[in-house]
Amino acid sequence: MIKTDVKELATHEYEVHVTVAQGEYDRVYADQMKKLTSQAKLPGFRPGKTPAHVIKKQFGPKIHEETVSALIQSHYVTAIESSGLKPAVQPMIDIPSVQSAEGFEFTMKVATWPEVELADVSKLAFNETTVTVENADIEQVIERLMKSQVKFEIEAERASENGDQLHIDFVGSIDGEAFDGGKGEDVPLVLGEARFIPGFEEQLIGKKAGDDVVVTVSFPEDYQAAHLAGKAAEFATHIKTVGKPITAKNEDELAVLVGFEDGAALNADAQKRLAEEAEQASYSTTRDAALDALIAANAMELPEPLIAQDMQESAKRVLANMKEQGMETPEEMLKDEAFIQEIRTRSERGLKLSILLQQVREKADLNVDDAELEAEMDRQSQQYPEEQRDQFKAWIKSQKEQVASMQDALLERKCIAYLVEKATTTAANTSLSDWQAEQAQ
């Protein structure tokens, strides 16, 4: 009933020419015409009694269009199976405007998944990294907390200093006229943090609660609100309170400030949290090294349509994440060469790893059973209060995408463990603080 002819266009890209027998086209055309004849209401003819030549003259193009659509729907899957190809993305269909006398013809451009014979895993070589927590790492955490955990004690007659927290009301004006966004009530302001327009905070130093101050400043030339950029403004400011910063004098006082019994309990919590971070850092660093080695050992060429589709999906995810974080997503960004190259690099790496890890799973016969999924749900539920854990697990189980994502993550861990076991690895050790500095760079 159909005939297919496959022609290779490029690596993993093919054109499939499909011919449907003329008799099949005629049969479907007749069915479409019969259906339309029963529905057509034309002046001078009773419903269902319009002559065929009138229907064809009036609706010929529409009947042909619906016949073509029906034929493609009926024979698309058969044509793909007949070609012997396994599409990686939805094939592109093209219908010639001029048809041959042999029957109805259309072509499909098909991109297929690369067929890769996995390289010998035992010949891979990479570092197996262990990230450790040192006393200096814990000390850094305590030091950061010492600086960040500040309480402010209000003093009625205190003249404000850098580091003090003021609560202020203000109304801004330009040339005597108030402007949108220039008013605030009971706004907290720590002097010296430079949160306000340059020059604003300095004019409040030495002031007391109850003082009224007219602060004179100029908006920066590059100010984000274009209608205010570069303009001189006055802010009628009322100081409501002045608070002196109170910091912990030692670890025991700091512990109480952040909700622990004493310094020992605070240190134990810091050690536990850092150990968890170090464990994850050890895995992620070793995983990246293993996957880099896997890609390097298995050269492959990806079809361009597959890359293009993944790039489009990746760009959408990046833009969606930026919007969720309240960031602007200018159209020019999508045309930026550096952005496009970054997305392409991510897509190519992700696609290659998807293919290779599937090969690893099949070779090692790796699977995740229900008990392992349940154990992972239990582990993740520990971040919630005990009374909410069953509710969390019930919610996860009701989310198919969440369960699939969890299963994929567990399978990836098994793949990495298999690669570490079979490959030649070199032990590498680093402190958590050094690892964090490397990530920041």
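Please report, ordered by residue number, the strands (runs of 3 or more DSSP E) entirely within segment 129-212 with at least 3 residues that are under 30 Å from residue 256 (Cα atoms) and touching a Gly at 6+ places or on another chain (Cβ under 8 Å).
The strands (runs of 3 or more DSSP E) meeting that bar are 150-154, 165-174.
Condition first: touching a residue at least 60 places away in the same chain (Cβ under 8 Å), loosely packed, with under 14 Cβ neighbours inside 10 Å and touching a strand residue (DSSP E or B) at 6+ places or on another chain (Cβ under 6 Å). Now tell me which residues in segment 1-38 satisfy that.
1, 9
Go through segment 213-228 and give me each residue that's part of a loop (DSSP other than H, G, I, E, B) and either outside the structural domain of residue 242 (by TED's automatic domain parsing) or among the hydroxyl-bearing types (Ser, Thr, Tyr) (or both).
223
Looking only at segment 64-89, filter to residues that are within 18 Å of residue 3 (Cβ to Cβ) and under 34 Å from the mean Cα position of the chain (by Cα); which one of those is surrounded by the most Cβ atoms within 10 Å (Cβ to Cβ)?
Once the filter is applied, the top-ranked residue is 85.
Restricting to segment 383-403, name every residue that is among the hydroxyl-bearing types (Ser, Thr, Tyr) and either farther than 15 Å from residue 373 by Cα or touching a strand residue (DSSP E or B) at 6+ places or on another chain (Cβ under 7 Å) (or both).
384
If only one of 299, 290 is assigned by TED's automatic domain parsing to the domain that holds residue 411, in contact with a helix residue (DSSP H, G or I) (Cβ under 6 Å, 6 or more places away or on another chain) and either at pLDDT 95 or above or outside any helix (DSSP H, G or I) (or both), which one is it?
290
I'd like to verify a number: residues in segment 96-117 that are farther than 23 Å from residue 7 by Cβ and under 29 Å from the mean Cα position of the chain (by Cα), how many?
Within segment 96-117, residues that are farther than 23 Å from residue 7 by Cβ and under 29 Å from the mean Cα position of the chain (by Cα) number 1.
Going by the conditions given, is residue 381 polar (S, T, N, Q), assigned by TED's automatic domain parsing to the domain that holds residue 289 and touching a residue at least 24 places away in the same chain (Cβ under 8 Å)?
no
Any residue that is free of Cβ contacts under 8 Å to residues at least 60 places away in the same chain and basic (Lys, Arg) - is there at least one of those in segment 102-112?
No, because not a single residue in segment 102-112 is free of Cβ contacts under 8 Å to residues at least 60 places away in the same chain and basic (Lys, Arg).
One residue is enough: does segment 160-170 have a residue meeting the conditions of a type in the set (Val, Ile, Thr), out of contact with any helix residue (DSSP H, G or I) (no Cβ under 7 Å at 6 or more places or on another chain) and modelled with pLDDT of 95 or more?
Looking for residues that are of a type in the set (Val, Ile, Thr), out of contact with any helix residue (DSSP H, G or I) (no Cβ under 7 Å at 6 or more places or on another chain) and modelled with pLDDT of 95 or more, one finds at least one in segment 160-170, hence yes.
Could you look through segment 184-210, keep only residues that are crowded, with 17+ Cβ neighbours inside 10 Å and out of contact with any helix residue (DSSP H, G or I) (no Cβ under 8 Å at 6 or more places or on another chain), and pick out the one that is farthest from residue 233 (Cα to Cα)?
Among residues in segment 184-210 that are crowded, with 17+ Cβ neighbours inside 10 Å and out of contact with any helix residue (DSSP H, G or I) (no Cβ under 8 Å at 6 or more places or on another chain), the one farthest from residue 233 (Cα to Cα) is 209.
Any chance you could count how many residues in segment 211-230 are closer than 18 Å to residue 171 by Cα and loosely packed, with under 14 Cβ neighbours inside 10 Å?
6
Which residues, counting only those in segment 389-412, are surrounded by 12 or more Cβ atoms within 10 Å (Cβ to Cβ) and among the basic types (Lys, Arg)?
389, 393, 397
Of the conditions (1) over 34 Å from the mean Cα position of the chain (by Cα); (2) in contact (Cβ under 8 Å) with a residue 40 or more places away in the chain, residue 286 clears all except one; give me its number.
(1)
Give the residue that is nearest to the chain's Cα centre (by Cα), with candidates limited to residues of segment 169-183 that are surrounded by 13 or more Cβ atoms within 10 Å (Cβ to Cβ) and of a type in the set (A, V, I, L, M).
Checking each candidate, the answer is 171.
Which number in (1) under 30 Å from residue 357 (Cα atoms); (2) assigned to a strand (DSSP E or B) marks the one condition that residue 233 misses?
All conditions pass for residue 233, except number (1).
The values are calculated or read from the model by the stated rules, or taken from the named source; none is laboratory data. Since we're looking at a predicted model, the values are computed, not measured. We place every Cβ from the backbone using ideal geometry, glycine too, and count neighbours over all the protein chains shown.
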